[in-house]
Amino acid sequence: MAGLVDGSRWFFYEATDIMFEIACEPRANCNVDQLSFKAYLARWMAGTAKVAPFTHDAINKRLRGSAVAAAKQCTGGARGITCGTRWYEDGWDGSYGVGQQMNALEIFQSNLGDLVPGPLSNSTGGTSKGNPSAGTGPDGATGGGGGGGGRGGSNDPITTGDRAGAGILTALVVVFVLGGAWYVVA
């Protein structure tokens with residue numbers, strides 16, 4: 001895990017703590033997907049810091065540095081709140097769009113991770129109860145599972161009615177497929 005965190009350095013501008021999209025930002029040729037890359041990276045880095053606490057300090061240092069840089073970039077547009085792409089530049093770079101706004105929102109939000117508790121487990125207060133039979137057990141508590149028209153679990157015996165219904169549906173599918181093929185060819 002530490003190797004993955006260290007490997008993320010490629011997505012930070014020239015050995016700084018400022019996130020950037022290495023694939024397209026230097027040449028200013030990012031597509032729509034690439035323009036929102038920083039949002040996903042920030043979210044998953046913040047999540048990693050929560051579930052792997054030994055990565056917390058290294059990740060949060062980068063998230064804080066990126067948030068400060070993003071805030072300097074979010075000064076554009078008529079109202080002075082539009083965010084740009086190149087966070088390593090002081091002031092708005094003139095770019096704007098959903099991806100840029102999403103990036104800024106996520107980097108700011110990712111810095112709030114220390115204010116909320118991490119994921120819960122059985123030992124830390126989680127209350128979810130598992131069901132190893134995944135609702136197909138004999139207790140019938142979940143009902144509706146398979147063969148028998150919603151009468152219970154999927155382990156119900158297959159009846160003659162089930163076989164007849166399956167045969168009719170199969171025949172209809174075959175007719176529609178052959179009819180469609182004939183329509184396309186003719």
Note down all Cβ pairs under 7 Å where the first residue falls in region 94-106 and is touching a residue at least 12 places away in the same chain (Cβ under 8 Å), the second is basic (K, R), and they're at least six residues apart or on different chains.
N103/K38; E106/R43
Among the acidic types (D, E), exposed (fewer than 14 other Cβ atoms within 10 Å of the Cβ) and over 19 Å from the mean Cα position of the chain (by Cα): which single residue out of E89, E14 fits that description?
E14
Here is a list of conditions, (1) in contact with a strand residue (DSSP E or B) (Cβ under 9 Å, 6 or more places away or on another chain); (2) closer than 13 Å to E89 by Cα, and F11 meets all of them except one; can you say which number that is?
(2)
The correct count of residues that are among the β-branched types (V, I, T) and either within 17 Å of E106 (Cβ to Cβ) or in contact with a strand residue (DSSP E or B) (Cβ under 6 Å, 6 or more places away or on another chain) (or both) in region 58-77 is 2
If you scan region 65-75, which residues turn out to be in contact with a helix residue (DSSP H, G or I) (Cβ under 9 Å, 6 or more places away or on another chain) and buried (at least 18 other Cβ atoms within 10 Å of the Cβ)?
S66, A67, A69, A70, Q73, C74
Restricting the search to region 115-142, which residues are surrounded by 10 or more Cβ atoms within 10 Å (Cβ to Cβ) and either in contact with a Lys or Arg (Cβ under 8 Å, 6 or more places away or on another chain) or at pLDDT 90 or above (or both)?
G118
Give me a count of the residues in region 31-84 that are part of a loop (DSSP other than H, G, I, E, B), hydrophobic (A, V, I, L, M, F, W, C) and touching a residue at least 24 places away in the same chain (Cβ under 8 Å).
2
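The values are calculated or read from the model by the stated rules, or taken from the named source; none is laboratory data. Model, not experiment: these values are computed from the prediction. When we count neighbours, we look across all protein chains shown, and the Cβ atoms used for this are built from the backbone with ideal geometry, even at glycine.
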